[in-house]
Structures are given as C-alpha cells and as structure tokens.
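Asker: Dropping the structure in here first, questions after.
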Amino acid sequence: MIKSILNILIIVTFLFLSVLNAHAIEDINMEIQKNSSSLIVKARIIPSQEFVEDFKNGLSKNILIMIELYRKWSIIPDEFIVGIQIQRVLISDPIKDEFIVKTVQSDVLTEKRFKNYQEALDWALNIEPVKLVNINRVERGKYYIKITVESNIKRLPSVLEHILFFIPTYEKKITKESEHFRLP
C-alpha cells in the first residue's frame, strides 16, 4: 500500500515539474489601424526558442488568441465592448516531414499544410488584419485593445484531471494591452 502511494506521489511530482518547465510564447507585437469606418488589429506572437524546437521535433501545440476591445473608465471597471477568438492548432509530423496548422475563427475551419516548420510557425503565429469594430457604432471615449494568447498543453485523461486539479491547463498565458486611444 505504501509502495503504491509512493509511486503515485512520484508520478504527480514528475507531471507537476514537467508543467513548470513548459516552453511557450514570450511576447506579442500588435499594430492598431484606425480608418474612417473601422478599427483593425494585426498581431505577431513571438515564441520561445524551446517552443520552436518542440514543434520542429514533433510536439503539437494548441494556441488560443483573444482580441478584445475595452472602454476605459476612470472610476468604474473597464467595459468590455467586443472580442474575437482565434484558435490555432499546430500539428507536427516530422516522419512525413509535414506540418499542419488548423485555424478556427468565427466558426470557420481553415487548414494549411507546410513542408517547412518555419513557414508553418510564421503563418500560425501571425494574426492577419482583423476588423474588430465599426467605429461609427461606438460611443465617444477612451479605449484600448487587449490581446491574450494562451498556449495549451495536451489534456490529461479525465480521471487524472480531477485528481490533479492543481496542474494548470495551459503552458503559458500572456496578455498585452495597447496604449489608450480615443474613438470615434
């Protein structure tokens, strides 16, 4: 009995330490463009070198990107206006020398295949211009954009997920806010 408890503790410790050493994203570069009728956001996710090496060597990744517009208030909490969610699944198959990137955005699934891991990462970590909101439909005030990128780990089996509830479900979560700007 004591031997089995000791084995379980060793496995839990190993899983916990492997999550602490996870490699993920490092930074987000964002660009905001305002034209006469819309607010457009472009972004680039900067991965760590370990993230790139893991993907190159066959470890698949799942990235969740949330782009949100908030209205800044001085006394009350900031007001959420609109948001867009993009999910990118990076599948690496070094045996076939094929790299697949699946994107889910607005209930549309897009799949691209690449022969080079760097091209796949460049495409997956680059967020094309996204029209966030029609400027003419928002009230006058101070606003900012918040981009959150979450690099997910593979899910644990459901039995272990309930027992090991203290292990986070993502490798790293990074958030970046833009400078405040006035609309319209």
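Asker: What pairs come up if the first residue lies in the range 52-66 and is over 25 Å from Gln85 (Cα atoms), the second is part of a helix (DSSP H, G or I) and open to solvent by less than 20 Å² (accessible area, probe 1.4 Å), and their beta carbons are under 9 Å apart, counting only those six or more places apart or on different chains?
Answerer: Lys56/Leu121
Asker: State all residues of the range 102-137 that are open to solvent by 20 Å² or more (accessible area, probe 1.4 Å) and outside any strand (DSSP E or B); if no residue qualifies, say none.
Answerer: Answer for the range 102-137, where residues must be open to solvent by 20 Å² or more (accessible area, probe 1.4 Å) and outside any strand (DSSP E or B): Ser106, Asp107, Lys115, Asn116, Tyr117, Gln118, Glu119, Asp122, Trp123, Asn136, Arg137.
Asker: Within the range 1-49, how many residues turn out to be among the charged types (D, E, K, R), at pLDDT below 90 and either open to solvent by less than 90 Å² (accessible area, probe 1.4 Å) or not in a helix (DSSP H, G or I) (or both)?
Answerer: 1
Asker: Then there is this: May I ask you to verify whether Ile76 is hydrophobic (A, V, I, L, M, F, W, C), touching a residue at least 60 places away in the same chain (Cβ under 8 Å) and under 29 Å from Phe181 (Cβ atoms)?
Answerer: Answer is no for this residue.
Asker: Looking at this structure, is Val82 modelled with pLDDT of 95 or more, aliphatic (A, V, I, L, M) and open to solvent by 30 Å² or more (accessible area, probe 1.4 Å)?
Answerer: Criteria met by Val82.
The values are calculated or read from the model by the stated rules, or taken from the named source; none is laboratory data. In this text, all values refer to a predicted model and were calculated from it rather than measured experimentally. Neighbour counts run over all protein chains shown; Cβ positions are idealised from the backbone, glycine included. To get the accessible areas, we keep the full protein, side chains included, count just its heavy atoms, and leave off ligands, DNA and RNA. Shrake-Rupley method; radii C 1.70, N 1.55, O 1.52, S 1.80 Å.
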